[in-house]
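Take a look at the structure below.
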Amino acid sequence: MKKANVTKLICSLLFPFTMTFGGSSSAQSVDDIVLNVYKLEICGCCDGWITHMDERGYSSNIFHPADLNGMKEEFGIKPQWQSCHVSVTKDDYLFEGHIPEKFIAQFLAAPPEGALGLAVPGMPIGVPGMVMGNRFTPFDVLLMKKDGTVDVFASVKKMEDQF
């Protein structure tokens, strides 16, 4: 496991530019992926998810917008797909909620055509950032599409299936 650089930037309410750490125009490695994470300042479970991602080699810029839900609506994330935070890549892929890194890596390796991103609606117990001992709630990782539809990208039935 690689430790990532965690870069925290002070942001205005304007959409920030994503910084990457790699001069190559070839395929990105996980070390090149920077997530712009939008969350409420007081949300500790989001911080747990960010740690999960950063421990796996991603870098995160953290922002606290005044109207997080409004921002999500502008991104095309329907209310029924929402959780407590959203992350955006430089390619404008969205990752809504407590998605385990394993599924983000699978998505980024071969993004499906017409994909908006992935979502784990709500806050299932046992996902990264929501660990409560050995408790676990099965959940689906949804594939959000630009046309407003959704498919199941992965079903996670046991805690160990997400790693």
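For this structure, a couple of remarks:
- A count restricted to region 89-112 and to residues that are over 20 Å from residue 152 (Cα atoms) and touching a residue at least 40 places away in the same chain (Cβ under 8 Å) stands at 2.
- Qualifying positions in region 153-163 - assigned to a loop (DSSP other than H, G, I, E, B) and touching a residue at least 40 places away in the same chain (Cβ under 8 Å): 163
- Residues of region 70-89 that are within 12 Å of residue 34 (Cα to Cα) and out of contact with any Asp or Glu (no Cβ under 9 Å at 6 or more places or on another chain): 88, 89.
- Candidate set from region 42-71 (those that are among the β-branched types (Val, Ile, Thr) and outside any loop (DSSP other than H, G, I, E, B)); member that is farthest from residue 125 (Cα to Cα): 62
Read-outs throughout are calculated quantities, based only on the coordinates presented, and are distinct from any laboratory measurement. Here the structure is a predicted model, which means the values were calculated and not measured. Reconstructed Cβ throughout: ideal geometry from the backbone, glycine too, with neighbour counts over all protein chains shown.
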